[in-house]
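Below are the structure tokens for one structure; questions will follow.
The values are calculated or read from the model by the stated rules, or taken from the named source; none is laboratory data. Predicted model, so just to flag it, every value in this text is computed and none were measured. Reconstructed Cβ throughout: ideal geometry from the backbone, glycine too, with neighbour counts over all protein chains shown.
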Amino acid sequence: MTVTLRRWSVDDLPVLERANTAEMTRFLGGPETSAQVVARHARYLRLWETGEAHMFRIDVDGVPAGSIGWWHVEHGGRPAYETGWGVEPGWQGRGVATEALRQVIADVRADGERDLLVAYPGVENSGSNALCRRAGFAHTGSDTAPWRGGELTFNVWELDMSPLDLTDRQPDVEERFDEGVLDEKLWWPFYTPQWSSRERAAARYTVGAPGLELRIDADTPPWAPDLDGDLRVSHLQTGQFSGGLGSGVGQHRFRPGLVVREEQPDRLLWLPRFGVIEARLAAIRHPSAMVALWPIGFEDAPDDCGEICIAEIFGSELDDAGGWVGVGVKPQNDPRLRADFEKIRVEGDLTDFHDYAVEWRPDGLRFFVDHRWVKTVAQTIDYPVQLMLDVYEFPPGDGVRDAAALPHRFRVAWVRSYPPA
């Protein structure tokens, strides 16, 4: 199923007419008159031309399924966007509204004139209220106002899109990799070696005044060939925890049935819990390469293994104008979490340095690129995490490595964490 948003057009009046039923308007005070529907259609067209609103027709596999959009409002004396939607009954409960709202949020982010998005679903509209919650909006109250000849009691949902503000905040750890040697009080230079060995999982790197460079060289071996094929990795992590030889205890259980092949010492190094984690990274534009910064649960308790993906950038998804950056939450094996991960389009040369950050709070996570808000996740992780800083080389489809492109070099200017505000 493919959900697409189409700019509202003169041919879309039937979408509003189909939505003007008792069933579709039961949380809005009932249907409008035919004249009011025609006026609404004209308003959608006019306000797009003036830039005051963007209204869209929702298509599912090319079939019109409803409408969604945003428009300018004042909210508590503050300029904001408001959003609203309507999905036809045959498409409800199938994730159409969730995907449509995700795309509208991306459109609002691209417009960029205001840093607050609000929604006012009726208090009895359980589906729309749940959708706001899943999309990262915060419930800030309820109110009653005149509406269509009566009164409407509605909930107030706010999505904070303000930029990351670190004014007057000082990092508790700031790693610039400028000492000429890796600080092993912070970093363990092996990729989950319990599932393989330190020899195969060892990082290739240099450190110095420009920062860190993680490399995959021509002679870098696959880190665990019987488990992960020809995947090659160069990686630093800020903790290490795993069980005894032959046990199934260990961090980042990326597939079922893993057992410890080489015992490792415990390392409790840099393990943040809440606050801001930020790094300045430069991606690699090559179809076999991927770079990432993702904190994962230290996992001394088996369920404490969720992942906060601050940046995951595939070289195959970069182009001359920009690229796609993956951000969000992945549960891994934490049953308390649900996947909320998406790829955000970022303009500019991502092989140059950009800042990637998460603001991690007890009530949720906000993600940023160059201090600009890109996503909110209405979940949190309530246990310490270790940082995982990686460059991967995936095996090419034809099995032949691109020797001319090696080594792959992942540049990191700095990594730092801030305690909770």
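State the number of residues belonging to the stretch 169-191 that are of a type in the set (Lys, Arg) and on the phi > 0 side of the Ramachandran plot.
Filtering the stretch 169-191 down to residues of a type in the set (Lys, Arg) leaves 169, 176, 185.
Filter again for on the phi > 0 side of the Ramachandran plot, leaving none.
Within the stretch 169-191, residues that are of a type in the set (Lys, Arg) and on the phi > 0 side of the Ramachandran plot number 0.
In addition: Identify the residue in the stretch 5-34 that is of a type in the set (Ser, Thr, Tyr) and assigned to a loop (DSSP other than H, G, I, E, B) and, among all such residues, is nearest to Glu151 (Cα to Cα).
Across the stretch 5-34, the extreme among qualifying residues is Thr25.
OK, next. Every residue in the stretch 149-203 that is assigned to a strand (DSSP E or B), free of Cβ contacts under 8 Å to residues at least 40 places away in the same chain and not small (Gly, Ala, Ser), please.
Scanning the stretch 149-203 gives Glu151, Thr153, Phe154, Asn155, Val156, Trp157.
Moving on. Look through the stretch 43-97, keep the residues that are outside any strand (DSSP E or B) and of a type in the set (A, V, I, L, M), and return whichever of them is farthest from the chain's Cα centre (by Cα).
Here the answer is Leu45.
Mind checking whether some residue in the stretch 13-23 is in contact (Cβ under 8 Å) with a residue 60 or more places away in the chain and surrounded by 13 or more Cβ atoms within 10 Å (Cβ to Cβ)? Talk me through it step by step, then tell me what you get.
Step one: of the stretch 13-23, the residues in contact (Cβ under 8 Å) with a residue 60 or more places away in the chain are 18-19, 23.
Going one step further and asking which of them are surrounded by 13 or more Cβ atoms within 10 Å (Cβ to Cβ), we end up with 18-19.
Checked the stretch 13-23: at least one residue is in contact (Cβ under 8 Å) with a residue 60 or more places away in the chain and surrounded by 13 or more Cβ atoms within 10 Å (Cβ to Cβ).
Consider the stretch 303-329. How many of its residues are surrounded by 19 or more Cβ atoms within 10 Å (Cβ to Cβ), assigned to a strand (DSSP E or B) and of a type outside the set (Val, Ile, Thr)?
So the count comes out to 9.
Answer yes if at least one residue in the stretch 284-299 is of a type in the set (Asp, Glu), part of a loop (DSSP other than H, G, I, E, B) and free of Cβ contacts under 8 Å to residues at least 24 places away in the same chain, and no otherwise.
no
Residue-wise test of (1) among the charged types (D, E, K, R); (2) surrounded by 14 or more Cβ atoms within 10 Å (Cβ to Cβ); (3) touching a strand residue (DSSP E or B) at 6+ places or on another chain (Cβ under 8 Å).
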residue: Val173; (1), (2), (3): no, yes, yes
residue: Arg176; (1), (2), (3): yes, yes, yes
residue: Val181; (1), (2), (3): no, no, yes
residue: Phe190; (1), (2), (3): no, yes, yes
residue: Arg198; (1), (2), (3): yes, yes, yes
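I'd like to verify a number: residues in the stretch 108-138 that are surrounded by fewer than 17 Cβ atoms within 10 Å (Cβ to Cβ), acidic (Asp, Glu) and over 17 Å from Arg26 (Cβ atoms), how many?
2
Let me ask another. What are the residues in the stretch 334-359 that are of a type outside the set (D, E, K, R) and either outside any strand (DSSP E or B) or touching a Leu at 6+ places or on another chain (Cβ under 9 Å) (or both), if any?
Hits for the stretch 334-359 are Pro335, Leu337, Ala339, Gly348, Leu350, Thr351, Phe353, His354, Tyr356, Ala357, Val358.
With the condition kept exactly as written, say whether any residue in the stretch 275-282 is buried (at least 16 other Cβ atoms within 10 Å of the Cβ), over 22 Å from the mean Cα position of the chain (by Cα) and at pLDDT 95 or above. Give the derivation first.
Going through the stretch 275-282, the residues buried (at least 16 other Cβ atoms within 10 Å of the Cβ) turn out to be 275-282.
Retained after the next criterion (residues that are over 22 Å from the mean Cα position of the chain (by Cα)): none.
No; the residues of the stretch 275-282 include none that is buried (at least 16 other Cβ atoms within 10 Å of the Cβ), over 22 Å from the mean Cα position of the chain (by Cα) and at pLDDT 95 or above.
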